[in-house]
Structures are given as structure tokens and as C-alpha cells.
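These notes are about the structure you will find just below.
Every number here is computed from the coordinates shown, using simple stated rules; none is lab data. Values in this document were obtained by computation on a predicted structure and should not be read as measured data. Glycine also receives a Cβ, built like all others from the backbone with ideal geometry; neighbour counts cover every protein chain displayed.
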Amino acid sequence: MTFQFTSKSKVLLALCLIFLEFFPVLSRAETLLPPQQVIQETSDAVKQALREYDYKLDLSKATRIVKEILEPHVDVDRAALLILGKHWRTATPEQRQRFKDEFRKLLIRTYTTAFTEYKDWDIRYLPLNTPLADKKAIVRTEILQSGAKPLAVDYRMIEISGEWKVYDVLIEGISLVQNYRTTFSEDIARTGSLDSVIEQLSKRNAAGSKASINGTALSPST
């Protein structure tokens with residue numbers, strides 16, 4: 001399984017996969033709209049929880065904490081459908097579930113790895129242009145780092161039963177979902193089997209989990 005990104009993209013994808021360890025530049029007194037609040041509150045919750053112990057010495061615990069906080073705010077079903085595309089339509093219910101389970105693990109593991117490797121980023125929220133009545137929104141942000149120009153990171157969100165969830169992230173206009181869709185499509189074409197790709201993903205997740213237990217962060221792209 002390839003999962004090849006440029007050096008810059010790999011860092012940014014790891015940093016920005018759904019919600020990262022951001023601390024908003026926007027004043028707390030300034031009102032955020034519901035989709036923006038989800039990102040702010042989730043990132044703050046992760047930051048606070050992982051502040052309470054040395055997570056670098058216990059990555060498996062860090063992963064469990066991230067999973068508990070992050071998972072309710074991610075629409076994995078929609079992301080998986082968009083990523084597999086035509087392969088979703090031909091997949092069996094069992095294959096769909098297995099893919100969602102393993103892809104969810106990949107997201108959580110990538111986020112946790114990013115937290116242990118990259119910090120000191122700030123976020124600025126830009127005006128929300130999409131009418132919330134549409135039940136979809138794009139939360140536009142800029143990631144700020146000293147000495148670097150602002151980086152555009154946008155979150156595609158959808159309202160489900162009154163709750164806003166993220167299903168895609170765009171980094172400088174490049175879609176994370178589309179990136180994974182291209183990668184998985186190439187791997188399915190190469191192996192000729194969705195089962196084979198799911199199995200490879202499962203093995204990588206298992207290796208990453210083992211590395212976390214041993215206190216070593218394993219890059220999600222390896």
C-alpha cells in the first residue's frame with residue numbers, strides 16, 4: 001500500500017487530519033457558529049486531556065483519549081463512501097464495515113502521531129460563507145506559525161441529527177478524502193481486491209498499535 005505524499009503534504013495531513021492540536025487565535029469572546037464551535041471545542045478537549053500526563057511515554061493511552069474525544073465528531077461513514085467511490089457500491093456490507101473500522105483507526109493513529117511530533121500552531125477562523133440551513137458547511141481556517149505564511153485549512157462538515165461532523169479536510173485546496181481515494185483506488189487496481197487492501201491497512205494499523213504500546217510513534221504513512 002503506497003500512501004505516498006510529498007514531505008510537505010505528509011506533515012500537513014498529519015497535522016490537519018480532522019482536528020489538530022490548535023489553540024484558536026480568535027478571541028473567546030467572539031461568537032463562533034456551531035460548525036466552528038465543534039472544531040474549537042474538540043481541539044481544546046484533546047489539548048486539555050493530553051496535558052495531564054506525559055503522552056509521549058504512553059502513546060497507546062494517548063490514542064485511546066484521542067479516539068474517545070474525536071470519534072463522535074467525524075462522519076466516518078460519509079468519508080469512507082467518498083473515498084471508496086465506485087468500490088463502495090460493489091463492496092459487501094462486511095467489506096464496508098471492515099474498511100470503515102480500519103480507516104477510523106488510521107485517522108485516530110495519524111492524529112495521535114501528529115500530536116506527539118508537531119506543536120506550536122495557532123488557528124484563525126475565517127467567515128463562514130455557507131448558509132447553515134443547507135445542513136452542510138465549510139469551516140475555513142488559517143494555520144499560523146511564526147516565520148511562515150498562513151496555511152489555508154478548510155473543514156467540510158455536515159449536520160446529522162443536529163450535530164455537526166467533519167467528513168473531509170482541504171489543505172491549500174487539496175482534499176484529504178480525494179488524496180486517500182486516489183491512493184486506495186490505485187492499490188485496489190494493483191492488487192485486484194478490496195479485501196487485500198483492507199488487510200494491508202489492518203496490518204499497518206496493528207503495527208502502529210504495537211509501536212504505540214512500546215512507546216514508539218510509527219508514521220501512519222509507513
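Suppose R0 equals 35 Å. What FRET efficiency, 1/(1 + (r/R0)^6) with r the Cβ-Cβ distance, do residue 207 and residue 133 give to the nearest 0.05?
Details: r = 45 Å, r/R0 = 1.28.
So, using R0 = 35 Å, E works out to roughly 0.20.
Hey, with R₀ at 30 Å, roughly what FRET efficiency would residue 146 and residue 71 work out to, going by the Cβ-Cβ distance, to 0.05?
0.40
Skipping prolines and chain starts, which residues have an amide H placed within reach, meaning under 5 Å, of the one on residue 130, given they are 5 or more residues away or on another chain?
Those qualifying (amide H under 5 Å, at least 5 residues apart or on another chain) are 138.
Please give the FRET efficiency for residue 172 paired with residue 33, using the beta carbon to beta carbon distance and R0 = 25 Å, rounded to the nearest 0.05.
FRET efficiency, residue 172 to residue 33: 0.60.
Test of understanding: what is the full-extension gain from residue 199 to residue 94, defined as 0.36 nm times their sequence separation minus their Cα-Cα distance?
Result: 36.5 nm gained on full extension.
Can you work out ³J(HN,Hα) from phi for every residue in segment 145-157, in order, using Karplus 6.51 cos²θ - 1.76 cosθ + 1.60 and θ = phi - 60°, giving whole Hz and x for Gly and Pro?
9, 4, x, 10, 6, x, 10, 6, 10, 10, 10, 7, 10
Normalised by the residues of segment 80-195, what does the relative contact order come to in percent, with Cα pairs under 8 Å and at least six apart?
Relative contact order, segment 80-195: 21 percent.
Just list whichever of 86/149; 105/149; 61/165; 61/136; 149/203 have alpha carbons separated by over 29 Å in the model shown. Numbers along the way, then the final one.
Numbers: 86/149 38 Å; 105/149 32 Å; 61/165 24 Å; 61/136 33 Å; 149/203 38 Å.
The answer is 86/149; 105/149; 61/136; 149/203.
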